[in-house]
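Enquirer: Got a structure for you, written out below as structure tokens; questions coming shortly.
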2 protein chains.
Amino acid sequence: MIEKSCVEFIDILASKEPVPGGGGASALVGAIGMALGSMVGNLTLGKKKYADVQDDIEVILKKAKTLQDELMQLVLKDAEVFEPLSKAYGLPKETDAEKAEKDRVMEEALRLASGVPIDIMEKAVECIGLHEELAQKGTRIAISDVGAGVLFVKSALIGASLNIYINTKLMKDREHAENINKRANEMLAKYTKAADEIFEAVLAQF
Amino acid sequence: MIEKSCVEFIDILASKEPVPGGGGASALVGAIGMALGSMVGNLTLGKKKYADVQDDIEVILKKAKTLQDELMQLVLKDAEVFEPLSKAYGLPKETDAEKAEKDRVMEEALRLASGVPIDIMEKAVECIGLHEELAQKGTRIAISDVGAGVLFVKSALIGASLNIYINTKLMKDREHAENINKRANEMLAKYTKAADEIFEAVLAQF
């Protein structure tokens, strides 16, 4: 799916095909955001004016590349875990036995399907940390791209959270559901704020 | 460029190559956002429960497809207009004649380069309007995707605005620069608020 062209990806996303969906789209937007950060890092590399941060930039670029790759893999992973959920919705529930079986399969599919957006959120959080450093150390000529980058990563964080809440809402095991929601809520509260601060710091340099 | 695979696009975006940059990335994120809206429209199409909005959904889907295509074309257009700007930066400015010529070429390149993100913003505004309708008329089973969709389109709107401000800042013709900034400011103020309201309306349905 991620080997398809951007144009094809957009077309399949727009179709009624079950995948990719909101989770995969969030992971892709996160990867785009981190790639903008990497671009700023790469434009800073080898520049005399930024001689004192070259080692830091190299570390940032390495971490950023890993995060981009991981987010692209999560586009695929999100599709993988959505398929069983999509099938579970269609299971019969005429008899008590069928109903019990559907409940069991749904619960398992919902657990799987909410695990991936949690992973996407965790990667987005790491991307926000790297943008924080880039806002301070990256070349001034491309500072607007740190702003756009952190904005996209923040959107990926929020977009993934929606895909958690819509799944946990349907879980029978409320304790498990609330644990996942709590984790998502905590990341959202802390890191949307952090992303906004980085964005404002970038704007202040305009 | 948009015919490259998503993985390749991310890699080139991350590199120090001058294009794609923040403008092109914004257009792509906007297309992803509109595609999520289209997905919700396509999942609503042909569903008895939503019989009374079928005609509206068909109109939305047609407009959405056009906007997706236009945003993908703006990914290319942004790259096209950035190339002359990138070259203009490198022009010599040793003599007065060279300096005058560089100023002239830069000014023209800046005008071109700030025109495309204005177009991206205008398309994002239209996408937000379609999401507003989808939040009301789209199938409830995919309502979270309207939330993620409008969020991504809003990010595209803001991301494109950064690429306007960074260009207009360098323009000598301050009247022209302020006119463009004013247009961007107006769209930002009105439509980030509209997008936030749509997002909140979606969240309230969870």
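Enquirer: Please state which of the following conditions A:SER144 fails to meet, knowing it meets all the rest: (1) more than 11 Å from every other protein chain (Cβ to nearest Cβ); (2) open to solvent by less than 10 Å² (accessible area, probe 1.4 Å); (3) out of contact with any Ser or Thr (no Cβ under 9 Å at 6 or more places or on another chain).
Expert: Result: A:SER144 fails condition (1) only.
Enquirer: While we're on this one: Name the residue that is surrounded by the most Cβ atoms within 10 Å (Cβ to Cβ), counting only residues in the stretch A:30-59 that are away from chain B (no Cβ under 12 Å) and of a type in the set (Val, Ile, Thr). Write out each step before concluding.
Expert: Let us first name the residues in the stretch A:30-59 that are away from chain B (no Cβ under 12 Å), namely A:48-56, A:58-59.
This time we only want the ones that are of a type in the set (Val, Ile, Thr), so: A:53, A:59.
Details: A:VAL53: 20, A:VAL59: 13.
Looking at residues that are away from chain B (no Cβ under 12 Å) and of a type in the set (Val, Ile, Thr), I get A:VAL53.
Enquirer: Working carefully through the options B:VAL146, B:VAL202, B:VAL153, B:VAL116, find the one that is β-branched (Val, Ile, Thr), in contact with a Cys (Cβ under 7 Å, 6 or more places away or on another chain) and under 19 Å from B:GLY33 (Cβ atoms). Working first, answer last.
Expert: Details: B:VAL146 fails: in contact with a Cys (Cβ under 7 Å, 6 or more places away or on another chain); B:VAL202 fails: in contact with a Cys (Cβ under 7 Å, 6 or more places away or on another chain); B:VAL116 fails: in contact with a Cys (Cβ under 7 Å, 6 or more places away or on another chain).
That would be B:VAL153, the only listed residue that is β-branched (Val, Ile, Thr), in contact with a Cys (Cβ under 7 Å, 6 or more places away or on another chain) and under 19 Å from B:GLY33 (Cβ atoms).
Enquirer: Being more than 22 Å from B:GLU83 (Cα to Cα) and without any contact (Cβ under 8 Å) to a residue 24 or more places away in the chain is the filter; apply it to the stretch B:147-180 and report the residue that is farthest from the other protein chains (Cβ to nearest Cβ).
Expert: Among those that are more than 22 Å from B:GLU83 (Cα to Cα) and without any contact (Cβ under 8 Å) to a residue 24 or more places away in the chain, it is B:GLU175.
Enquirer: If you don't mind, another one. Could you list, in sequence order, the residues of the stretch A:121-134 that are away from chain B (no Cβ under 13 Å) and over 18 Å from the mean Cα position of the chain (by Cα)?
Expert: Result: A:GLU133, single match.
Enquirer: Over 23 Å from B:VAL116 (Cα atoms), more than 12 Å from every other protein chain (Cβ to nearest Cβ), out of contact with any strand residue (DSSP E or B) (no Cβ under 9 Å at 6 or more places or on another chain) and not aromatic (Phe, Trp, Tyr): is that true of B:PRO84 in this structure?
Expert: Criteria not met by B:PRO84.
Enquirer: Take B:ILE118 and tell me if it is surrounded by fewer than 23 Cβ atoms within 10 Å (Cβ to Cβ) and facing chain A (nearest Cβ under 10 Å).
Expert: no
Enquirer: Moving on. If B:LYS137 passes every condition in (1) closer than 12 Å to B:MET34 by Cβ; (2) over 21 Å from the mean Cα position of the chain (by Cα) but one, which one does it miss?
Expert: Just one mismatch for B:LYS137, condition (1).
Enquirer: Assess whether B:ASP78 counts as being open to solvent by 50 Å² or more (accessible area, probe 1.4 Å) and either in a helix (DSSP H, G or I) or closer than 20 Å to A:GLY22 by Cβ (or both). If you could, list the steps in order and put the result at the bottom.
Expert: Numbers: open to solvent by 50 Å² or more (accessible area, probe 1.4 Å): no; either in a helix (DSSP H, G or I) or closer than 20 Å to A:GLY22 by Cβ (or both): yes.
It is false that B:ASP78 is open to solvent by 50 Å² or more (accessible area, probe 1.4 Å) and either in a helix (DSSP H, G or I) or closer than 20 Å to A:GLY22 by Cβ (or both).
Enquirer: Assess whether A:LEU188 counts as being within 30 Å of A:SER86 (Cα to Cα), assigned to a helix (DSSP H, G or I) and in contact with a helix residue (DSSP H, G or I) (Cβ under 6 Å, 6 or more places away or on another chain).
Expert: For A:LEU188, the condition - within 30 Å of A:SER86 (Cα to Cα), assigned to a helix (DSSP H, G or I) and in contact with a helix residue (DSSP H, G or I) (Cβ under 6 Å, 6 or more places away or on another chain) - is met.
The values are calculated or read from the model by the stated rules, or taken from the named source; none is laboratory data. Values in this document were obtained by computation on a predicted structure and should not be read as measured data. A quick note on method: Cβ atoms are made from the backbone with ideal geometry, for glycine too, and the neighbour counts reach across all protein chains shown. When the accessible area is computed, the model is the full protein with side chains, heavy atoms only, and any ligands, DNA or RNA have been set aside. Shrake-Rupley method; radii C 1.70, N 1.55, O 1.52, S 1.80 Å.
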